[in-house]
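What follows is a short report on a single structure.
Just so you know, all these numbers are worked out from the coordinates, no wet-lab data involved. This one's a predicted model, so the numbers in the text were calculated from it and none came from an experiment. Here Cβ is always computed from backbone atoms with ideal geometry, including for glycine, and neighbour counts include all displayed protein chains.
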Amino acid sequence: MLGNWHSQFVNSNKNVYMGLYFTLYSTVEYFLEHGLTSVGTIFAYRRNVPACLRKAVQRDLYSTLAVYKHSKKVTMINYVPRKNTNVLLLASCHAKLKIDNHQGFKTPDIITYYNLGKGYVDSMDARIEDFCFKRRPTDTPC
């Protein structure tokens, strides 16, 4: 599925940070089978996202909703940081959900953990964008 790039990391108990385009439930299961954990943001329209996690319209600010799958090895959370905005994360490295009440934001520890490695994911996305050959509109400046 993902090729042989990961052969040196099999059963090394390392964590893989993923961006929106690579985070899938099947990918997380694949990593778990090979002794790796993962965490990443996920699109709400993905096939394996439960309907209860898709909407943030009538949810309280700073509220968290969690769903556990695969005998509590995979956790999917929905966090509402701003009104009508939600953040969906899929993680296999946190068995229990803990809430950090730092500065009143009630941030789940999975989001705090993801933010530690998010800079690497964002810099990789920027490098991929540099090599993207999509045609840009001519009416906007570069």
> Can you put His94, His34, His102 in order, fewest other beta carbons within 10 Å first?
Replying inline: His102, His34, His94
> Hey, what D do you get for segment 9-128 in µm²/s if you plug the Kirkwood alpha-carbon radius into Stokes-Einstein at 4 °C and 1.567 mPa s?
Replying inline: 88
>> If packing is taken as the average number of other Cβ atoms within 10 Å across a peptide's residues, how do 23-32, 49-58 rank, most packed first?
In response: 23-32, 49-58
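Could you give the length gained on full extension between Tyr30 and Val57, defined as 0.36 nm per residue of separation minus the Cα-Cα distance, in nm? Mind showing how you got there, number by number?
Numbers: separation 27, 0.36 × 27 = 9.72 nm, distance 3.29 nm.
My answer for the length gained is 6.4 nm.
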>> Report the gain in length on full extension from Tyr68 to Gln8: 0.36 nm times residue separation, minus Cα-Cα distance, nm rounded to one decimal.
In response: 18.7 nm
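How much length is gained on full extension from Phe43 to Leu116, taking 0.36 nm per residue of separation minus their Cα-Cα distance? Don't jump to the answer; show the numbers that get you there.
On the way: separation 73, 0.36 × 73 = 26.28 nm, distance 2.01 nm.
Gain in length upon complete extension: 24.3 nm.
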>> Please give the Cα centre distance for segment 21-63 versus segment 67-112, rounded to the nearest Å.
In response: 10
